[in-house]
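The values are calculated or read from the model by the stated rules, or taken from the named source; none is laboratory data. Please read these numbers as outputs of a predicted model, since none were measured by experiment. Note that each Cβ is placed from the backbone with ideal geometry, even for glycine, and that neighbours are counted across all protein chains shown. Each accessible area value is taken on the protein alone, full model and side chains, heavy atoms only, with ligands, DNA and RNA left out. Shrake-Rupley method; radii C 1.70, N 1.55, O 1.52, S 1.80 Å.
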Amino acid sequence: MIARLLLFFLCFLVYSTHAKEPSDFEIIKSRVVDELLKTEIDDARVMEIAQVINEDGSFEGINYKDLSRTAGFPHRRHTSNLVYLARAYQSESSDYYQDKALTETITRGLKYWVDNDFFGDNWHNNQISTPTNLVNLMLLIGDELPQDLVDQAQPIIGRAHMNASGARPSGDRIVIASILAKNLLFLGEKERFYEIIRLIEGEVKFSTGSRGMQHDYSFHHRVDRVNNTTSYGYGKYANAFGEWSYYVAGTKYAFSPEKIDHLVDYYLDGIYKQMVYGIYTDVSVKNRSIANQYDFKPAGTVEIERLLLSTDYRQEELEEIMKLRKGEARPSQSFSKFFWQTEHFVFQRPNFYTTVRMYSTRNQNMEVPYNGPGKTTHHRADGTNYLMLTGDEYHDIWPVYDWQKISGTTIMQKPELYGPEDIRKEGLRDFVGAVTDNRYGAVAFDFKSAHDMLAAKKSWFFFDEEYVCLGTAIHSNPDLPVATTVNQVLLRSDVTVMQADTVHQLPQGDRQLDKVKWVHQDKVGYIFPERTSVHLSNQVEKGRWSDITDQKNVSEEIVSKEVFTLWLNHGNEPEHASYAYIVVPDVEVPELERSSDTNRDVEVLSNTSKVQAVKNNKLNICQAAFYQAGEIEITSDLKVSMESQGMVMLQLQENRITQLSVADPSRKLSKALLTISGTYDTKGDSFVSYPNPDKNTTTLIVDLPQGVYAGKSVTIEL
């Protein structure tokens, strides 16, 4: 009898233990709430919020009447205040923990909201901003609020559903699914929750040609095919997926390893390669948000920490980015990457990061300045070439910026910019692209302005310690000046120039200089292979943040910043203007002066409307952009010809080609046909060679990537 009682007691204990174990659904809900409570609570702020709530539940200082798109929906401060109070109520570290008076304040504020149901002109506020705050409020304190208010809040939260207008495939789709998933956690609807989790998992996929992740790991939020990788594709798309992969890890709802690994590839080969050293925001990929002020600081590490909890795929690379962001390591990567679906090129060395942004018949130039910001961004894809050593070279320069002298661009200087409605344009030329072997690269832009009657052929050639910028066939019709801007950047040092044979520092001012060999500012040198006339400004410029946006409630205070601008004046209505300059990052004046004598051992082989080509004699690398079939002479014994448009890059060793990379910026060819000096009897998976000993030449036929990979480079070993 005693044995039976003991057995019964043990069975009861086992049953009780299992009965108390939380379900997977409860585990996920607990993780979501724990994440909401990670916000550090400032009790002084809690007091401030509580002191500005009125008897009717409204908050002082919020204009509840203006629901227009350009007002910025200040109403979101109301619901975010309620969430902050709820966090304080549930945070044991706060003096307001379980404070019933705080519950009454939250109840009053929620009642005011559901009674008025503020519905903004911008769909985003109704389908994302408000539902996000309200569902977080429910998860934090919904069980302690009056049921009638909870019920009234549900239709407002319910505007975040998968048939909502904002739930189209894009960066917003996962965000809306996330709100819905959280609400299902609050409501306890397990079956629908499972369906939404599977939907979120399925969103990590290639969607090349439409909204979403492209096969080059860039991201398009809209059908305009404008680059949104580090905006919608980062904070919304990638991070939202990563957040849920963390919440559901180790449960029956967990995402598949394949999907998580795909996300890792997107972070490392897409997002982080479009950030300065993987650490800082890159201004070149900003669109209308460039008109918004932001704090310059390293990106966080939460998304990486979450990934490492779920996978060890490419672990060392993820850990390196995390160390960089924490300041525990210095940049070490060297790479060259062209995002062929987006017409965006990135080049990095451990001591500098630079980009070229373009557009073509395949991509529009810039997003519409939705809701007001970005009304001066007409020319930001016209061959923009920003250079960063520390990442903050252009930080908050924008209210004083001359938007017709954007770094790297060639722009007709108009009395004023066109209106915001004329910003987004279709590209007019298809020969836009790059050739790269993943370490070095060159870029070609057959540029025809979608805004002005201006055309030019522009190219860039990137090496370890410098890069070369060429322009030719610059012509325009209206009787207006045309300028190529070498750089417009914050003034951070003295400006030193070599003019004629004299080296001297310039006082602040604005002037034209003749016979200039080089210019130096903030550890960057600009060498002109042939002495030339330049326009240089190093002085205080003034403007207002309100000048570059149509948003309301933006500061109209005058901003003053010291700015360095170096540009070339091609004159009015040029016909065959050209330019050539070499950019040398991370260099001091003595080294710049010494190396300028030989133009840093860089030769401009050709700068014509047919071909632009450069050879780096230190690296034995030659890069060329053929705008039509043609030939270049690299040395007296080495020539290369292409039978069509295209780009090539050659690695040389004693007048022999050891490696060849080729690309088709036009995306029209299936094969590239080249003839090179010397005999090479070899073949590979993507090419065949036909040596001709009699002529001492070899014809190469190279298969070019097709479909979603058209525009990507092919590299072959010879």
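Here are the numbers:
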read-out: Within the stretch 116-153, tally of residues that are in contact (Cβ under 8 Å) with a residue 12 or more places away in the chain and in a helix (DSSP H, G or I); value: 26
read-out: Pair list, Cβ under 9 Å, 6 or more apart: the stretch 158-171 residue over 20 Å from ARG225 (Cβ atoms) and assigned to a helix (DSSP H, G or I), other residue open to solvent by 60 Å² or more (accessible area, probe 1.4 Å) and at pLDDT 90 or above; value: SER165/TRP123; ALA167/HIS161
read-out: Test result for THR105, touching a residue at least 40 places away in the same chain (Cβ under 8 Å), surrounded by 23 or more Cβ atoms within 10 Å (Cβ to Cβ) and over 23 Å from GLU201 (Cβ atoms); value: no
read-out: The stretch 55-72 - residue that is without any contact (Cβ under 8 Å) to a residue 40 or more places away in the chain and either in contact with a Leu (Cβ under 9 Å, 6 or more places away or on another chain) or closer than 18 Å to SER555 by Cα (or both) and, of those, least open to solvent (accessible area, probe 1.4 Å); value: ILE62
read-out: Where SER80 falls short, out of the listed (1) of a type outside the set (A, V, I, L, M, F, W, C); (2) open to solvent by less than 20 Å² (accessible area, probe 1.4 Å); (3) assigned to a helix (DSSP H, G or I); value: (2)
read-out: Residue within the stretch 667-680 that is open to solvent by less than 10 Å² (accessible area, probe 1.4 Å) and more than 18 Å from ASN696 (Cα to Cα) present; value: yes
read-out: Yes/no for LYS458 being crowded, with 22+ Cβ neighbours inside 10 Å, out of contact with any Cys (no Cβ under 6 Å at 6 or more places or on another chain) and of a type in the set (D, E, K, R); value: yes
read-out: Odd one out for ASP382 among (1) under 18 Å from the mean Cα position of the chain (by Cα); (2) open to solvent by less than 10 Å² (accessible area, probe 1.4 Å); (3) more than 12 Å from TYR359 (Cβ to Cβ); value: (3)
read-out: Matching residues in the stretch 509-541 - criterion: being farther than 12 Å from VAL587 by Cβ and of a type in the set (Val, Ile, Thr); value: VAL516, THR532, VAL534, VAL540
read-out: Restricting the stretch 288-310 to residues that are part of a loop (DSSP other than H, G, I, E, B) and at pLDDT 95 or above, the residue that is farthest from the chain's Cα centre (by Cα); value: THR301
read-out: Residue in the stretch 397-407 that is in contact with a helix residue (DSSP H, G or I) (Cβ under 6 Å, 6 or more places away or on another chain), open to solvent by less than 10 Å² (accessible area, probe 1.4 Å), touching a residue at least 60 places away in the same chain (Cβ under 8 Å) and outside any helix (DSSP H, G or I) present; value: no
read-out: In the stretch 161-186, residue nearest to THR251 (Cα to Cα) [restricted to those that are touching a helix residue (DSSP H, G or I) at 6+ places or on another chain (Cβ under 8 Å) and open to solvent by 60 Å² or more (accessible area, probe 1.4 Å)]; value: HIS161
read-out: Looking only at the stretch 548-572, and only at residues there that are crowded, with 18+ Cβ neighbours inside 10 Å and not hydrophobic (A, V, I, L, M, F, W, C), the one that is farthest from GLU593 (Cα to Cα); value: GLN551
read-out: Only listed residue being touching a residue at least 60 places away in the same chain (Cβ under 8 Å) and not aromatic (Phe, Trp, Tyr), chosen from MET647, MET642; value: MET647
read-out: Test: residue in the stretch 622-639 that is exposed (fewer than 15 other Cβ atoms within 10 Å of the Cβ), among the hydrophobic types (A, V, I, L, M, F, W, C) and either assigned to a loop (DSSP other than H, G, I, E, B) or more than 36 Å from the chain's Cα centre (by Cα) (or both); value: yes
read-out: Filter pass, HIS535 being over 19 Å from SER595 (Cβ atoms), open to solvent by 60 Å² or more (accessible area, probe 1.4 Å), modelled with pLDDT of 95 or more and not aliphatic (A, V, I, L, M); value: no
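Okay, residues lined up against (1) at pLDDT 95 or above; (2) surrounded by 24 or more Cβ atoms within 10 Å (Cβ to Cβ); (3) within 24 Å of ASP382 (Cβ to Cβ):
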{"position": "THR208", "(1), (2), (3)": "yes, no, no"}
{"position": "SER218", "(1), (2), (3)": "yes, yes, yes"}
{"position": "ARG222", "(1), (2), (3)": "no, no, yes"}
{"position": "ASN227", "(1), (2), (3)": "yes, yes, yes"}
{"position": "GLY235", "(1), (2), (3)": "no, no, no"}
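Yes or no, residue by residue, for (1) among the charged types (D, E, K, R); (2) open to solvent by 10 Å² or more (accessible area, probe 1.4 Å); (3) within 27 Å of ILE397 (Cα to Cα):
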position	(1), (2), (3)
ASN239	no, yes, no
TYR247	no, no, no
ALA254	no, yes, no
PRO257	no, yes, no
HIS262	no, yes, no
TYR266	no, no, no
TYR280	no, yes, yes
VAL285	no, no, yes
ALA299	no, yes, yes
